[in-house]
2 protein chains.
Amino acid sequence: MKNWAQGLRARCAALCLALALLPAHGTTEDGYDVWLRYRPLPAAAQARVWAQARSLVHAEPASPTLQAAVAELKRGVAGLTGHEPKVARQPTAGALMLVTPATAPAGVALPWGELGAEGYALRSLTLQGRAVTLIAACTDRGLLYGSFAWLRAAQTGADLAALNQQSTPKVALRLLNHWDNLDRTVERGYAGASIWDWWKLPDLVDARYTDYARANASLGVNGTVLNNVNAKAESLTAPFLAKAAAVANVLRPYGIKVWLSARFSAPKDLGGLPTADPLDPAVRAWWKAKADEIYRAIPDFGGFLVKANSEGQPGPQDYGRTHADGANLLAEALRPHGGQVMWRAFVYAPDTGDRAMQGYAEFQPLDGRFAPNVIVQVKNGAVDFQPREPFHPLFGAMPKTPLALELQITKEYLGFSTHLVYLGPLFEEVLRADTRRQPQGATVAQQVTAIAGVANIGTDRSWCGSQFDCANWYAFGRLAWDADLSAEAVAREWVQQTFTTAPGAVRTLTALMATSREAVVDYMTPLGLHHLMGTGHHHGPAPWVNDLERADWNPTYFHRAGRDGIGFDRTPTGSNAVAQYAPEWAARLSRPESTPEDWLLWFHHLPWDHRMASGRTLWAELIARYDRGEARVAEMRAQWAAVRADIDPARHAEVAAYLAVQAAEARWWRDACVAYFQSVSGLPLPAGTRPPERTLQAYKALRFNFAPGRGG
Amino acid sequence: MKNWAQGLRARCAALCLALALLPAHGTTEDGYDVWLRYRPLPAAAQARVWAQARSLVHAEPASPTLQAAVAELKRGVAGLTGHEPKVARQPTAGALMLVTPATAPAGVALPWGELGAEGYALRSLTLQGRAVTLIAACTDRGLLYGSFAWLRAAQTGADLAALNQQSTPKVALRLLNHWDNLDRTVERGYAGASIWDWWKLPDLVDARYTDYARANASLGVNGTVLNNVNAKAESLTAPFLAKAAAVANVLRPYGIKVWLSARFSAPKDLGGLPTADPLDPAVRAWWKAKADEIYRAIPDFGGFLVKANSEGQPGPQDYGRTHADGANLLAEALRPHGGQVMWRAFVYAPDTGDRAMQGYAEFQPLDGRFAPNVIVQVKNGAVDFQPREPFHPLFGAMPKTPLALELQITKEYLGFSTHLVYLGPLFEEVLRADTRRQPQGATVAQQVTAIAGVANIGTDRSWCGSQFDCANWYAFGRLAWDADLSAEAVAREWVQQTFTTAPGAVRTLTALMATSREAVVDYMTPLGLHHLMGTGHHHGPAPWVNDLERADWNPTYFHRAGRDGIGFDRTPTGSNAVAQYAPEWAARLSRPESTPEDWLLWFHHLPWDHRMASGRTLWAELIARYDRGEARVAEMRAQWAAVRADIDPARHAEVAAYLAVQAAEARWWRDACVAYFQSVSGLPLPAGTRPPERTLQAYKALRFNFAPGRGG
């Protein structure tokens, strides 16, 4: 008997080993599972998790949303522990109970009133002598979010036997914005083609859409705009509405509403009307009928996102009307259905002075003139998704208008998907920025009712073009749910779910991620510099470009470097953009000495010998920052090398290859910028400075045809 | 002890079950593994395979190619049986021995002379009393092909204990042609973006490239042209050569050479020369230097594929020179390095009579004028990758010139990746077509030294846009290796490796695949009709289009239907295209009664009341064929439904959804064509004919913006 048992044990081990060795689906660890990997935990942790999730108790019949929650818990626990919990009618010891006010055990006090429609609570307690865990929420959507939260807790080492968590989103609307075109190209996309296979929809519904929904629901994202803000009118035709409806059907159980970008001229383009004038009765009737048609196809349609009178898009100003007239037109059509309009404030026209001032100038005076279901969507900064920008002056400046914060998850100006830049600190910086507006002291996060992120998702196996770019999708969602989370904590839990739970490696990788955003600021645009990137594609340094058609497309427009100094004077002696901020900020930003050094050249034109906090001249400090950026990437490479033993070989090698590119390109950025700014300043390099590797002319001669992200 | 053993057994079963339940990488059976799935065989088959593959014996040190072979055998056997074979120094019982003439066991007679550089033999034999299997070849590449052949045998139920196979490719060059652009769009691509991530290459080398190499090597594909024949000159610049070299490094161990499409005007575009005249010494020097540069980067570079003076591409005729002058220019540059030129014969200029005649007219007179390392690449038919075309008249007509057969794997004119059309029968039909040329009776397959297939590969998880489209990649490779294989046998082995080994299901699916090509001919272009597809995108029926700029872009040009009848008169009373064929064929094709009915309207313009073999009039037969096509798709759906129990749910549901689309579109094709041809013939529908669902005007009004495949 013993021999038989040993034989069985050996065969079992061999089989398990063989299964473990088997490369599932042809490759190991390709990143497709993002942070929902659910790979087996270390043995002790497996036992701890299994002890709390031996069975699942939930209401019957389960709604599709509750079914999704239960399926995710089964999948997660099975993956983490090797055991799949069974569904039970009655709680046994170690049960996970998904409860609402209608199904919660009697006598258990839960803060239902605080949870609202989306919040959840996780509670360990003893019920009739049995230790159980409650996942509690007022709605099935809350239970879904709570289930993901429990799985996150299980993977990040929380004490599952003593849970007492509660979370409710601070911001009602948390949306991805896809800049995906109907031909499946993606504007500013660096991860392959669009995941939306418009051609095959609605008949073919890719399994990937479900995994997209799971990943977003795990973060609490509750809306997605499927198509590019540079919109084609065809997206509103019946065939495309049927396609969008098929996507909506997949996303609905996961609590995600579908939105569409609308082209303002659609009544002309599609309806054959002679005008799209928002005050024209036929135009109003057209939009009303279109909204009715949309809601027949998608009963829970979120609404429209609109880019109007910006970068060539049509809009109400074509008819002498205002943005409010345009937005209210669409709002009127959507309102009977409960839909909303997100109207973008990213506008700029040629030769109107300081481009950074235009959004505020056009929108702030309209405060109070928007319909109640209009939200004005404002980018985090006033220029365009730079590595660092001061917060946009519109935040806090339109008290009568709901605002949305638009962040860019895809790294248009931050090295595409090739540079490892964790955006959590960037998001945190703007969310926590104190506008000093009424009510005094309100942060940007407290001023907005919606947060939108321009997605970085594509058909690449790892979704976002690189493993670490998935952390930016993750951080966007987590911080949109709760801006009080720290970017560092979010990085830590992402690492634990995505790569490893080994404490040393988690520490190292969290540190690596935390410094990566300062690195890119330093090697691209330190000290408040901005928009020095290559024309059109925004890849690589091009601070010398000064010959583009529009003044405000040229890097020289933004840095204004010359013999006399460098920087954009936005004080009262210059464009006076500072006056768009609250008085306290306006005063502070008017003087270099009270301006944060990280924003210095955004607001001030200063001589090269301006003395910095470090004691260095501005010239020496600029070069020191570029050097620091390059050095930081070297440090990131060393940190990544140090965790090699804790990461699977495939992903370790892949990330190492990306970091090698980033190191080379950080050096390129540093060298090209140093060479250029020296040619302008005419100053010698500070003693000990490494001269640029190549001549300025060589850097200027580089061309990047076929750079990605210009689709459409 | 017994309890303990039972407990262990139970736990083992639970664990194995849990592992089996676990959706690896987020989804089950997404098709990524194509025909290299290696999922566990039924228990009895597992034992039979494992008995013959307990260990692997091979030469040490192993070349990268031999390492690839060994790795594939380990992976395959582990997947099929749950046991990974160990590498052994000496053969034990059940060993798989990879041997060359240098390492073969003494005393074993093997047909080395017949195997050549690529062939292999599989032999079961007894060696010193031990039953072993030899995989024998003269080269490591032959061993790689033999290893894949052994794995194929293992999955298709061959008696592995009594193997006696031998195979040598009949055609030396077996290439994929990617019509992939440098911006990652794919012309006529229906499977997402290009797998070649040019932007990230050469630094980032996607793991997918290795899987691409494995799949191709399993078929014997030994070359790949990475970029579109509508080529950008930039593909020949140093940065892109470095990228191509990185791909070549991945493909090299798998016996696959990299080729590039070359733009004929590159000396002007890149070199700054005033001309690209092939007789200009500076142009010759430019190409020579460029070839030298390429071979420094890619020492085993295959050569150039060129589309010249066709559809707007530059070419030698721009300078009054011939295709031979142009091809020889490039051949001269490549020749010192052993490279070759594939020069495409797909040419057509506006308004030169019968478009089908132009390739022959331009190329046949040049026979004997091409350099020895030029291969003229000829599409299977004279028009353009239609559902059915007569074989191209150039086959057999250029005895002094090596020819390549160009097939299209991507289904530009056959329903994109949405219609299930197994192309094996189409490939077989042209390969076996008897040209009646010198030497008398030679088939197309016997006339060619190369076979190229326009790839259908993209970033979609299942590679080719649909599960069944992978069968077309598979069939291309298998038939290119050995044109004597039957398309049906190839379908059978593909099903066994891809879906199931259950005999009934294999029979049903093989039958389904076998009829699928006749179905698409019937519902799109029966009886020799051709090029009735929608303008530009080639999606859907548009036989009415007659207003395009060039006559030979219009469907009406090809079908010539009117009150008097239908069809293109290519006999001596018409364009006399038949004269381009061998005299025997020319005579036969000149008379309707001796023309195969499947080609009838390709060669003849006939009255609607022409009597067909069926006894029906041509008008009634045309409608009967359209009806048969629609009915065949219904039958395919029933066949697919019948195998449901034998197919995993995810792929079964996906294919069923595709078939539903195909059924709807087959009906659309049938109805639109019947409606149109009736409007032209003015004849009543035969009794019992189902009238079209919609009006002709409704079909004409359909528009397909954003149809895929028009990238570039």
Count of residues meeting criterion [facing another protein chain (nearest Cβ under 8 Å) and open to solvent by less than 20 Å² (accessible area, probe 1.4 Å)] in region A:198-208: 4
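Kindly evaluate residue A:296 against the criterion of being out of contact with any strand residue (DSSP E or B) (no Cβ under 9 Å at 6 or more places or on another chain) and in a helix (DSSP H, G or I).
yes
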Among the residues in region B:337-356, are any assigned to a loop (DSSP other than H, G, I, E, B) and of a type in the set (Val, Ile, Thr)? yes
Consider residue A:570 against the criteria (1) among the basic types (Lys, Arg); (2) more than 28 Å from the chain's Cα centre (by Cα); (3) open to solvent by 20 Å² or more (accessible area, probe 1.4 Å): it satisfies all of them except one. Which criterion is unmet? (3)
Just give me the residues in region A:413-440 being more than 14 Å from chain B (Cβ to nearest Cβ) and touching a residue at least 60 places away in the same chain (Cβ under 8 Å), in sequence order. A:413, A:414, A:421, A:422, A:423, A:424, A:425, A:426, A:427, A:435, A:436, A:437
Region A:72-101: number of residues that are closer than 19 Å to residue A:43 by Cα and open to solvent by 20 Å² or more (accessible area, probe 1.4 Å): 4
I'm told residue B:17 meets every condition in (1) within 13 Å of chain A (Cβ to nearest Cβ); (2) surrounded by fewer than 16 Cβ atoms within 10 Å (Cβ to Cβ); (3) modelled with pLDDT of 90 or more except one. Can you identify the failing condition by its number? (3)
State whether the residues of region B:21-31 include one that is more than 34 Å from the chain's Cα centre (by Cα), modelled with pLDDT under 95 and closer than 23 Å to residue A:32 by Cα. yes
Could you figure out which of (1) in a helix (DSSP H, G or I); (2) open to solvent by less than 30 Å² (accessible area, probe 1.4 Å) isn't true of residue B:362? (2)
So is residue A:645 assigned to a helix (DSSP H, G or I) and open to solvent by 60 Å² or more (accessible area, probe 1.4 Å) or not? yes
Please state which of the following conditions residue B:234 fails to meet, knowing it meets all the rest: (1) of a type in the set (Asp, Glu); (2) part of a helix (DSSP H, G or I); (3) farther than 22 Å from residue B:263 by Cα. (3)
Just need a number here: residues in region A:140-172 that are open to solvent by 20 Å² or more (accessible area, probe 1.4 Å) and in a helix (DSSP H, G or I). 5
Region B:267-277, residues that are crowded, with 24+ Cβ neighbours inside 10 Å and closer than 21 Å to residue B:296 by Cβ: B:267
Please go through region A:677-712 and give me each residue that is surrounded by 15 or more Cβ atoms within 10 Å (Cβ to Cβ) and either in contact with a Leu (Cβ under 8 Å, 6 or more places away or on another chain) or of a type in the set (A, V, I, L, M) (or both), ordered by number. A:677, A:678, A:680, A:683, A:685, A:696, A:702, A:706, A:707
Looking at this structure, is residue B:62 within 33 Å of the chain's Cα centre (by Cα), away from chain A (no Cβ under 14 Å), surrounded by fewer than 21 Cβ atoms within 10 Å (Cβ to Cβ) and among the aliphatic types (A, V, I, L, M)? yes
State all residues of region A:603-615 that are open to solvent by 10 Å² or more (accessible area, probe 1.4 Å) and touching a residue at least 24 places away in the same chain (Cβ under 8 Å); if no residue qualifies, say none. A:605, A:606, A:607, A:608, A:610
In this structure, does residue A:676 turn out to be touching an Asp or Glu at 6+ places or on another chain (Cβ under 9 Å) and among the hydroxyl-bearing types (Ser, Thr, Tyr)? no
Pair list, Cβ < 7 Å and 6+ apart or interchain, from region A:251-277 residues that are assigned to a strand (DSSP E or B) to residues that are open to solvent by 20 Å² or more (accessible area, probe 1.4 Å): A:257/A:300
Which listed residue is of a type outside the set (Asp, Glu) and within 22 Å of residue A:158 (Cβ to Cβ), from A:529, A:479: A:479
Hey, could you check region A:176-185 for residues that are more than 12 Å from residue B:192 (Cα to Cα) and surrounded by 24 or more Cβ atoms within 10 Å (Cβ to Cβ) and say which is nearest to the other protein chains (Cβ to nearest Cβ)? A:180
I need the full set of residues from region B:249-269 which are of a type in the set (Val, Ile, Thr) and out of contact with any strand residue (DSSP E or B) (no Cβ under 9 Å at 6 or more places or on another chain), in order please. B:250
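May I ask you to verify whether residue B:659 is touching a helix residue (DSSP H, G or I) at 6+ places or on another chain (Cβ under 7 Å), within 14 Å of another protein chain (Cβ to nearest Cβ) and assigned to a helix (DSSP H, G or I)?
Spelling it out, residue B:659 is indeed touching a helix residue (DSSP H, G or I) at 6+ places or on another chain (Cβ under 7 Å), within 14 Å of another protein chain (Cβ to nearest Cβ) and assigned to a helix (DSSP H, G or I).
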Residue B:656 passes all but one of (1) buried (at least 18 other Cβ atoms within 10 Å of the Cβ); (2) in contact with a Phe, Trp or Tyr (Cβ under 9 Å, 6 or more places away or on another chain); which number fails? (1)
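Listed here are the residues, each with its yes/no results for (1) open to solvent by less than 10 Å² (accessible area, probe 1.4 Å); (2) in contact (Cβ under 8 Å) with a residue 12 or more places away in the chain; (3) of a type in the set (Val, Ile, Thr).
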| residue | (1), (2), (3) |
| --- | --- |
| A:476 | yes, yes, no |
| A:489 | no, no, no |
| A:505 | yes, yes, no |
| A:508 | no, yes, yes |
| A:513 | yes, yes, no |
| A:530 | yes, yes, no |
| A:537 | no, yes, no |
| A:543 | yes, yes, no |
| A:546 | no, no, no |
State all residues of region A:446-474 that are over 17 Å from residue A:494 (Cα atoms), out of contact with any helix residue (DSSP H, G or I) (no Cβ under 6 Å at 6 or more places or on another chain) and away from every other protein chain (no Cβ under 14 Å); if no residue qualifies, say none. A:446, A:447, A:448, A:449, A:450, A:452, A:454, A:455
Result of the Cβ filter at 8 Å on region A:209-221, keeping first residues that are more than 12 Å from chain B (Cβ to nearest Cβ) and under 12 Å from residue A:475 (Cα atoms) and partners that are open to solvent by 10 Å² or more (accessible area, probe 1.4 Å) and acidic (Asp, Glu), at least 6 apart or interchain, is A:220/A:118
When you look at residue B:134, is it farther than 30 Å from residue B:405 by Cα, hydrophobic (A, V, I, L, M, F, W, C) and surrounded by 16 or more Cβ atoms within 10 Å (Cβ to Cβ), yes or no? yes
Counted residues in region B:669-712 being under 29 Å from the mean Cα position of the chain (by Cα) and aliphatic (A, V, I, L, M) come to 1
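The values are calculated or read from the model by the stated rules, or taken from the named source; none is laboratory data. Bear in mind the structure is a predicted one, so any value in this text is a computation, not a measurement. FYI the Cβ positions are ideal-geometry reconstructions off the backbone, even for glycines, and counts take in every protein chain you see. Areas reflect the complete protein model, heavy atoms only, side chains present, ligands, DNA and RNA absent. Shrake-Rupley method; radii C 1.70, N 1.55, O 1.52, S 1.80 Å.
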